[in-house]
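The values are calculated or read from the model by the stated rules, or taken from the named source; none is laboratory data. All of these numbers come straight from a predicted model, not from anything done at the bench. Note that each Cβ is placed from the backbone with ideal geometry, even for glycine, and that neighbours are counted across all protein chains shown.
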Amino acid sequence: MATTVSEPSNVLSVPAPATPVVEERVKARGEFAIVWSRFRRHQFALVGLGALLFMVFVATIAPVAPFGPNEIDRSISDPQYVSHGFAPPSATHWLGTDELNRDMFSRLLWAGRISLAVGFLTVGIGATIGIFIGALAGFYGGWVDTVLMRITDLFLSFPFLPTLILISAMMHQYRFAADATLVQVGTIVGVLALLGWMDTARLVRGQFLSLLNRDFVLAARALGADGRRIMLVHLIPNSMAPIIVAASLNVGGFIIAESAISFLGVGISPPTASWGSMLADFQSYLRYSAVAVLLPGGAIFITVMAINFVGDGLRDALDPWLRNR
């Protein structure tokens with residue numbers, strides 16, 4: 001007598017393979033988690049990140065400050081402070097006033113907007129120029145590489161600070177119909193970016209030369225990918241780690257450069273405030289208030305140190321050779 005064997009009804013179902021989009025999201029989330037976990041091990045980097053976010057936040061909320069950046073407090077009637085300013089901290093003026101009895105706290109916030117904007121905009125523009133030139137030189141090689149690298153060497157031969165001061169001083173001689181602050185900030189950003197893209201270009205070129213013979217690039221060539229696609233999809237994304245680290249460290253240098261030329265009188269002009277111009281204004285009033293110099297100087301110091309700590313943390317987190325440490 002024949003018997004029929006029926007398959008059990010509770011057979012475990014095999015899950016369908018994940019779609020490429022889901023796999024890419026999981027992979028991206030995994031890479032970010034690895035980088036963040038390594039970044040968190042760097043205690044100074046976390047402190048620097050917190051300090052940098054705080055400085056960006058207080059600069060962002062400058063429009064809600066209790067006084068305008070150039071508003072003079074006419075209510076101060078003490079002859080001592082009417083003559084030279086620098087009223088002490090009070091409930092009205094948390095950090096006191098400057099030489100014209102303008103609120104120091106409000107001006108410090110507005111000055112931070114200028115200094116931070118110069119630093120981050122310069123890095124963004126300079127890194128874009130450097131990536132473009134370095135990618136062309138590293139990918140095509142030959143005479144393209146020779147010409148572009150000789151241009152890079154030419155720009156590197158200029159002394160940075162004297163050239164920056166000279167160009168800024170020449171631009172200050174012209175009068176434009178647009179807003180003076182925007183013109184000055186744009187001029188400083190343009191000059192700094194023009195003098196600060198070379199290191200990024202050399203870094204990108206070196207990364208391209210080390211990646212051109214990797215298997216994923218050879219596979220992309222075998223599949224018929226053109227040069228533009230190989231650069232944009234394969235080479236530049238795999239070169240971003242050192243670029244991000246270098247850019248993060250350059251922000252502090254550009255903030256110091258802006259502060260230096262503003263201190264020398266060829267940067268941001270009064271009454272607009274930047275941290276460097278505030279230092280320049282207060283150098284003649286040290287006998288009245290030494291603390292006033294410490295406020296913009298301390299803001300520059302904290303911001304630059306925070307950026308350097310974040311850059312060190314990013315270097316450790318993004319360097320593949322350090323992942324097993």
Within the stretch 212-222, residues being free of Cβ contacts under 8 Å to residues at least 60 places away in the same chain and in a loop (DSSP other than H, G, I, E, B) number 2
Q) Does I167 meet the test of being at pLDDT below 90 and under 30 Å from A306 (Cα atoms)? A) yes
Would you mind stating whether A117 is surrounded by 20 or more Cβ atoms within 10 Å (Cβ to Cβ), modelled with pLDDT of 90 or more, among the aliphatic types (A, V, I, L, M) and assigned to a helix (DSSP H, G or I)?
no
Picking from A225, A201, the residue that is outside any helix (DSSP H, G or I) and out of contact with any Phe, Trp or Tyr (no Cβ under 6 Å at 6 or more places or on another chain) would be A225
Screening A135, A111 for residues that are more than 17 Å from V293 (Cα to Cα), aliphatic (A, V, I, L, M), at pLDDT 90 or above and in a helix (DSSP H, G or I) leaves only A135
message = Could you go through the stretch 267-280 and let me know if any residue there is under 27 Å from L154 (Cβ atoms) and surrounded by 21 or more Cβ atoms within 10 Å (Cβ to Cβ).
response = yes
With criteria (1) closer than 20 Å to V251 by Cβ; (2) surrounded by fewer than 17 Cβ atoms within 10 Å (Cβ to Cβ); (3) not polar (S, T, N, Q), L182 comes up short on (1)
Scanning the stretch 60-89 for residues that are over 16 Å from A290 (Cα atoms), touching a strand residue (DSSP E or B) at 6+ places or on another chain (Cβ under 9 Å) and assigned to a loop (DSSP other than H, G, I, E, B) gives A65, P66, F67, G68, P69, N70, E71, D73, I76
Of the candidates L154, L136, the one satisfying the condition of being exposed (fewer than 13 other Cβ atoms within 10 Å of the Cβ) and of a type in the set (A, V, I, L, M, F, W, C) is L154
Selection over the stretch 228-255 where residues are farther than 30 Å from G276 by Cα and surrounded by 14 or more Cβ atoms within 10 Å (Cβ to Cβ) yields a count of 9
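Scan the stretch 36-57 for residues that are buried (at least 17 other Cβ atoms within 10 Å of the Cβ) and part of a helix (DSSP H, G or I) and report the count. Spell out the reasoning first.
Restricting attention to the stretch 36-57, the residues satisfying the condition of being buried (at least 17 other Cβ atoms within 10 Å of the Cβ) are 38-39, 42, 45, 48-49, 51-52, 55.
With part of a helix (DSSP H, G or I) added as a condition, the list becomes 38-39, 45, 48-49, 51-52, 55.
The total comes to 8.
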